[in-house]
Structure formats: structure tokens, C-alpha cells
Amino acid sequence: MQKNVLLLGGGGFVGRHVCEKLARRSIKATVPTRRLPHAAAVLTLPQVRVVQADLHDPAQLSSLVAGHDAVVNLVAILQGTPSAFERVHVDLPRSLVRACAQTGVRRVVHISALGADEARPESLPSMYLRSKSMGEQLLHRADLDLTVIRPSVIFGAEDRFLNTFARLQRLAPFVPLAGAQAQLQPVWVEDVADAVVACLHGPHQTDSLGRIYEATGPEVYTLRELVQWAGRWAGVAGGRGRPVWPLPEALARLQARLMELMPGEPLLSRDNLDSLRVPNVATGKHPGLADLGLQVSSVRAIAPTYLSGLEGRGSPPMARPQL
């Protein structure tokens, strides 16, 4: 059993759930963050230690890795420049490999993305998928006890996916949607967190060494179907949701380009559209969450429980979909 885990990205959407599950099992977790408020959700959890550090400083990362039984890497971005993707998805795993070699820590659980291909990164259509694949490639080639988890789009009460589309429908009479026919197999954040913990603790921790797991829910949807359901589950328009208008490719790319030019982080980028060209569903080439002893939950069972309360929570600032 891993008793002392370094959790990179532990203050994020998935990381918060992993921290809670580790704490319940009395497993200590160290969560580094550049700014302490970013990890506010886990600061008060028992067994969790939050430290201020820069993961992109190789010396600081090596110091963090030392003394831990395992490292979980959840750090990722969905949008950015080529150099930003390289820094987060490639350079950080490279630094992690070096830190593990220097400190003798071998156990690494890495959260990648469904659609990644560590054997042929150059074949993929988006910077996101190519960089995710290159980071995986570095880890697979290293002398590590590695497990890779590739989730589909992740949903949950704090998600930036279904919540965003539900709120959009509260504000607009219809939804012009890029990538409407993209296929997704959404997975609950709790199931992804359970998968991480199963690789560190319990009967499957040894089985998971050297394996890639595809983390998906039980059902496949198009993006259009999920947007429609988000509006209905949120009770928009009397439970009917708003009309969804699929955009042709040229208009979709124009919409994404205009969103990229707006201040702040865009809801959609052209690279997101490129990622959606790869079906975000299980390929069957790798084991799934059932092979970790997990029974996954359907988006139909979980999403209505939190989207139905949107009316009472008002309209928080928009966040981009987590695709």
C-alpha cells in the first residue's frame, strides 16, 4: 500500500476528489500549488498537506518527490499556445522522470486523455492530444512502475462541461454548437478518483502496473445530445431545454476563432475542435474501469442531481467546457 502520495494537480477538479478518497483511507497526500488559495478545497482535509511550490522548477519538483511512495500527475491544460502545451504536458513529465530517477521513487499514476496515442503522437489532429501523447511516451520509456489512466470527458457537480451548457441555455434562446456530432463517453469524476485510488491501494494496485486504463462511463453520446440533456436536466424552458443548432465546419472554426480573441479564457478554441475529431470513446484496446473492480455510474443517473439545482444557485461566471 502506498502510504504517502505526492499529488500534482491535487487542488483541481479531479484532484480534490482524489484527496478526499485518500484521506478516508488514512493515506497521506502532499499537494503542491503555486498559490495556496488554488488548493483551498483541500486545505482542511485530514492527511492532506498543502505546500507552495513551482512544479516547473526541476529542483523544487525533485525535492517534492523525495520521501513519497508514489506520485500522481493530474496536471493538464485544455487550451493554450504550442509552448504552453509543451511545458505542461511534455516538459513536466520529463522533469518528473528525472526527479523519480534522482530520488528512487518508482510508482507513478499519470492521468492522460482518451484519444492519446503514445506510439504515434504526430498522427493526432490537435496540440492537446499530441502533447498528451508525447508526455505519455516519455513516461512509458522511463524505468518506472507506471499506470496511465485515460478518461473521457469528466462530469460532476463542479464540472465546467454540463454546468456551462446548462447555464448557456438559461441565457440564450438557442445554442449554436460546434462539433455537435463529436462522440463522447462521459465519466463521473468520482469514478475517475476511485480509479486513481484503486491503483494505489487495494487488490488491484499490483495488477495495474504497466497498464493503460480507458476511463469511460457506460454510454456514448454525441455532444449535441449531451447539450440537449444538460438543458433538460437543469429544467430550462420547462424541462425541454433550448434548441441546439449544429454549426458547419467553417462557421464552427470562425466561432472558435472569435472566442479565442475575447478577453480571458475562451469557451472554445480551434484546438478543442481538432480534438473533437477523434472519438472520445473507449477503443477496447485497453482495460477499463471494471478491470479495477469499479462499477461506473451513468451521466443520466448523476447529472440531474446537480443540474436541477442551478436555478437556486444563480448564474456564476461562465467557465469553458472541460472537453
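The values are calculated or read from the model by the stated rules, or taken from the named source; none is laboratory data. Computed from a prediction, not measured in an experiment: that's the story for all the values here. Cβ placement follows ideal geometry from the backbone for every residue including glycine, while neighbour counts extend to all protein chains displayed.
Couple of notes before you dig in:
- Selection from the stretch 118-173 of residues that are of a type outside the set (Ser, Thr, Tyr), more than 30 Å from Arg232 (Cα to Cα) and outside any helix (DSSP H, G or I): Glu118, Ala119, Arg120, Leu124, Pro125, Ala142, Asp143, Leu144, Asp145, Leu146, Val148, Ile149
- Some residue of the stretch 96-118 being closer than 15 Å to Leu276 by Cβ, of a type outside the set (Gly, Ala, Ser) and touching a residue at least 12 places away in the same chain (Cβ under 8 Å): yes
- Test: residue in the stretch 71-87 that is in a helix (DSSP H, G or I), surrounded by fewer than 19 Cβ atoms within 10 Å (Cβ to Cβ) and of a type in the set (Lys, Arg): yes
- Val31 under 20 Å from Leu96 (Cα atoms) and crowded, with 19+ Cβ neighbours inside 10 Å: yes
- Screening Arg270, Arg240 for residues that are touching a helix residue (DSSP H, G or I) at 6+ places or on another chain (Cβ under 9 Å), more than 30 Å from Gln137 (Cα to Cα) and outside the structural domain of Cys19 (by TED's automatic domain parsing) leaves exactly one candidate, Arg240.
- For beta carbons closer than 7 Å, sequence separation of 6+ or different chains, a first residue in the stretch 54-67 that is within 13 Å of Thr33 (Cβ to Cβ) and a second that is surrounded by fewer than 14 Cβ atoms within 10 Å (Cβ to Cβ), the qualifying pairs are Asp54/Arg34; Gln60/Asp54.
- Search result, residues across the stretch 13-50 that are small (Gly, Ala, Ser) and closer than 18 Å to Leu200 by Cβ: Gly15, Ala23, Ser26, Ala29
- Listing of helices (runs of 4 or more DSSP H) fully contained in the stretch 209-323 that carry 3 or more residues being at pLDDT 95 or above: 223-233, 249-261, 270-275, 299-307
- Qualifying residue in the stretch 199-209 (condition: touching a Cys at 6+ places or on another chain (Cβ under 8 Å) and either in the same structural domain as Val72 (by TED's automatic domain parsing) or crowded, with 19+ Cβ neighbours inside 10 Å (or both)): yes
- For the stretch 170-205, a residue qualifies if it is modelled with pLDDT of 95 or more and of a type in the set (S, T, N, Q), and the qualifying residues are Gln181, Gln183, Gln185.
- Checking each residue in the stretch 251-304 for being over 25 Å from Ser131 (Cβ atoms) and β-branched (Val, Ile, Thr) picks out Val296, Val299, Ile302.
- For Ala70, the criteria (1) in contact with a strand residue (DSSP E or B) (Cβ under 8 Å, 6 or more places away or on another chain); (2) aliphatic (A, V, I, L, M); (3) farther than 15 Å from Leu22 by Cβ hold in every case but one, which is (3).
- Subset tally (residues that are in a loop (DSSP other than H, G, I, E, B), over 20 Å from the mean Cα position of the chain (by Cα) and of a type in the set (A, V, I, L, M)) for the stretch 88-117: 1
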